[in-house]
Amino acid sequence: MEMVDVTVFYLEMLSPSHRTVLAPSAELSVVHFPSPSVSDYRRLYNAIGRDYYWLSRRKLSDEQLAAVIQNPLNEWHVLHVDGVPAGFAELDRRQPGEIELVQFGLTREFIGQGLGKWFLQWTIDQAWSYQPRRFWLHTCSLDHPAAVPNYLQAGFVLYREEAIRREL
């Protein structure tokens, strides 16, 4: 198992951001899957996360993953561009008063088209529709280079940073 030094960034939003992001010129839709299948979830999770060494859900057994993603307080929203799955956002509402953006990303072929900014604002609006005290996430230095700047531009604030060693 290969180990690597990583910086983890913790970001939060304590009130809704009110920016307007124009939709790119494509047919966009976001579909909520209240009880996704493990295979559908893994397929998109791996398509997005393989370039960034996503690990948390990959390490779970199918039974463990099903228990998490099929919980009604864990939401899976899939972005479609012209009918094709292009990315997803996973919101964890299991902690009262808080929502965690557990996963967020686009598949490789949809990066660089302005979709990430639009979909992130859609996700922020969705999270704040529940009126939490706090909306938060963590990401790391293995993520896409635009991730942290995009989160900051969207209104998240960095509240903690830590250096860790983790497996790839």
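The values are calculated or read from the model by the stated rules, or taken from the named source; none is laboratory data. This is a predicted model, so every value here is computed, not measured. Don't worry about glycine lacking a Cβ; one is built from the backbone with ideal geometry, like all the others, and counts go over all protein chains shown.
Those strands (runs of 3 or more DSSP E) of the stretch 65-168 in which at least 3 residues are closer than 21 Å to Tyr53 by Cβ, considering only elements entirely within it, cover 84-92, 98-106, 134-140, 157-167. Criterion applied to Tyr159, Tyr52 was being under 21 Å from Ser15 (Cβ atoms) and either under 16 Å from the mean Cα position of the chain (by Cα) or at pLDDT 95 or above (or both), and the one residue passing it is Tyr159. When residues in the stretch 1-49 are screened for being within 24 Å of Leu152 (Cα to Cα) and among the basic types (Lys, Arg), 1 of them pass.
Looking only at residues of the stretch 93-120 that are over 10 Å from the mean Cα position of the chain (by Cα) and among the acidic types (Asp, Glu), we find that the one that is nearest to Arg133 (Cα to Cα) is Glu98. Within the stretch 105-139, the residues that satisfy the criterion of being among the basic types (Lys, Arg) and closer than 24 Å to Leu14 by Cβ are Lys117, Arg133, Arg134. Only a single item in (1) in contact (Cβ under 8 Å) with a residue 60 or more places away in the chain; (2) closer than 15 Å to Asp143 by Cβ; (3) not aromatic (Phe, Trp, Tyr) is not met by Gly116, and it is number (1). Within the stretch 1-47, the residues that satisfy the criterion of being touching a residue at least 60 places away in the same chain (Cβ under 8 Å), under 18 Å from Leu106 (Cα atoms) and part of a loop (DSSP other than H, G, I, E, B) are Val21, Leu22, Ala23, Pro24, Ala26.
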